[in-house]
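For reference, the structure discussed in these notes is given below.
Computed from the coordinates by the stated procedures, all read-outs in this text should not be read as laboratory data. The shown structure was predicted, so the numbers you read here are calculated from the model rather than taken from an experiment. Cβ sites come from the backbone with ideal geometry, for glycine too, and all protein chains shown count toward neighbours.
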2 protein chains.
Amino acid sequence: MKISTKGRYALRLMLDLALRDSGEPIRLKDVAHRQGISEKYLEQIISVLNKAGFVRSVRGPQGGYVLARAPGEYTAGMILRLTEGSLAPVECVERGKGVCDRENGCATQILWKRVDEAISSVVDHVTLEDLAAWQMSGADDYVI
Amino acid sequence: MKISTKGRYALRLMLDLALRDSGEPIRLKDVAHRQGISEKYLEQIISVLNKAGFVRSVRGPQGGYVLARAPGEYTAGMILRLTEGSLAPVECVERGKGVCDRENGCATQILWKRVDEAISSVVDHVTLEDLAAWQMSGADDYVI
DNA sequence: GATAATTCCTATAAGTTCAATCGGGAATCT
DNA sequence: AGATTCCCGATTGAACTTATAGGAATTATC
């Protein structure tokens, strides 16, 4: 029941872009260095974010990535679901899926539904802007 | 970000025992058959529940398992944490762990903390008694 | 136009976890 | 004695995670 590195790194990556957004593209190398994450691994992750239109890429020297929209328009849920897949705790309560094959009156499904809603109610209401604000306020070690 | 079969099966197992509790031991074979789960696999799971004192076992013919306490005294969280391990979405917000090594002002940690609390607030307030009641009320296919 | 910087793409691999299966041992009721 | 049930540890196959590796395509700058 853990979020994988893919989702966690994606969030930190997007947060890094949000915090350092100046209109100029930001090199992935720099993000990787600041966040202590393998550059090659980050490439794979940002590729997903890029294809989904979450970031815009600029190739060549002075290239890099910039957020496609304002930080307030990304929720943590959007980023996590994109990179991580569904956040539902069990398959049978995933969006788009029908009712569980096993039983109609499956009581545990009600529990899973509630857990799913609880998770969603958090991640769908926290935006990159919120994360950036939290980072800035507790910014002991925030260096530009 | 999924609950594994171990936790899900444990919950269904305990719910099965709660629903059929008559004081007499219930054979694991029957539970396995009703729930459509491998008997051998269930053995491993109930072994954990047994060692933790959640169920009481009786060996030999007419043997089986019974709940050690009333259904209202088990929360889903107790059962899931025992079989599944921590339910925290990331390591750094797990109970007993110190603050994340990486950074002091890690904004994402606040998010994870909120997700963790959201999950806990559900699973720690739903008891086996609740699950049993839900099962009985929507009891389309509940057969004794 | 050459060079260097950067993103882009695909393949592979080591390690871990999941979800069982298998085979037998120990206790206990009849 | 014999059947039934719980108990225990080893093994295994598949999938997933978490990267690493190597190079191709694009573009700014000199």
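Let me make sure I get this right: for segment B:1-82, a, b and c are the square roots of the gyration tensor eigenvalues over alpha carbons, sorted descending. Under 1.5 in a/c it's rounded, otherwise prolate if a/b > b/c, else oblate. Which is it? Verdict is oblate for segment B:1-82.
Rounded to the nearest 500, the 222 nm mean residue ellipticity of chain A from helices alone is -15500 deg cm²/dmol, with -39,500 (n - 2.57) taken per DSSP H run of at least 4 residues. Put a dot 7 Å past the Cα of A:His33, heading toward its Cβ, do the same for B:Thr5, and the two dots end up 4.8 nm apart. Across segment A:22-30, computed HN-Hα scalar couplings (Karplus, 6.51 cos²θ - 1.76 cosθ + 1.60, θ = phi - 60°) run 9, x, 7, x, 10, 6, 4, 3, 5 Hz from first to last residue, x flagging Gly and Pro. Of all chain A residues, the one whose Cβ lies closest to the rotation axis that maps A onto B, given with that distance rounded to whole Å, is A:Ala118, 2.
A DSSP coil position with no more than 10 other Cβ atoms inside 10 Å describes the following trypsin sites (Lys or Arg not before Pro) in segment A:1-76: A:Arg59. Averaged over the residues of peptide B:85-92, the number of Cβ atoms from other protein chains lying within 10 Å of each residue's Cβ is 4.
Pairs of Cα atoms in the protein assembly as shown fall into 10 Å distance bins, from 0 up to the last occupied one, in shares of 6, 25, 27, 18, 14, 8, 2, 0 percent. Using Cα-Cα distances under 8 Å and only pairs 6 or more residues apart, what relative contact order does chain A have, in percent? Worked out over chain A, it gives 27 percent.
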